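Report on the following structure.
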Amino acid sequence: TVAKYREAMSDSLAITQQMQGMVNNLLWLARAEAGQVHLNREQVDLSDLLVDCWRPLADRAGSRGLTVEWEVRRPCVLATDRDKLRQALHNILDNAVTYADSGGRIRIEAGDGEGQVWCRIANTGSRLTPQQTDYVFDRFWRGDEARVDTGTHFGLGLSLTKRIIALLGGTISAESTGDGVFIVEIRIRS
């Protein structure tokens, strides 16, 4: 029937778009490892960029009943590549929305000091053990049972994010607390 045909085509398009996203991420990682990624540094206010990155995720967070807490100092300026930092922040925020428990909480913090800016994004609902956090930046690693069927997530986002943050001259770390909170923190020289 026409309806079944449309459904099949829609499913095929969704799968194709997911595969294209995964291939693009793998290509970017390969280029980064080969030193073929160029940085366009400019003055960026981290607090404004966080708000911009959150905007497209707000509806999905609301539909999942997530409470979002903000503690972001303004201004929080650094010289960096806006687009690459945006991609890294989007990946972290998207993971927080996707993997937080329904009705859970996301906390977004940022500040600066001692020649660097920092950002900490935490979400409730983590089932990772503290030991498993050593692997969250590995490509395709998905140790949390809640991460088995998550649609567009392939286990590349945090690996890609780690590479971006390193290119920007920063560090990234992850922690899973005993009370089910997953925290990602980035620090970049300002």
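Odds and ends about this structure:
- In terms of the mean number of neighbouring beta-carbon atoms within 10 Å, the peptides 30-41, 123-134 order highest first as 123-134, 30-41.
- Between Arg105 and Thr67, Thr124, the built amide H atoms are under 5 Å apart, and every one of these is 5 or more places off in sequence or on another chain.
- In order through the range 83-98: 3J(HN,Hα) via Karplus (6.51 cos²θ - 1.76 cosθ + 1.60), integer Hz, x for Gly, Pro: 5, 6, 5, 4, 4, 5, 5, 4, 4, 5, 5, 4, 4, 4, 5, 5
- Using a simple spin-label model with pseudo-atoms 7 Å out from Cα toward Cβ, Asp134 and Ala79 lie 3.8 nm apart.
- Estimated at 0.36 nm per residue, the fully extended path between Ala34 and Asp48 surpasses their Cα-Cα distance by 1.9 nm.
Bear in mind that the values in this text are calculations on the coordinates, not laboratory data. The structure displayed is predicted, hence computed values, not measured ones. Cβ coordinates were reconstructed from backbone atoms using ideal geometry, including for glycine residues, and neighbour counts include every protein chain displayed.
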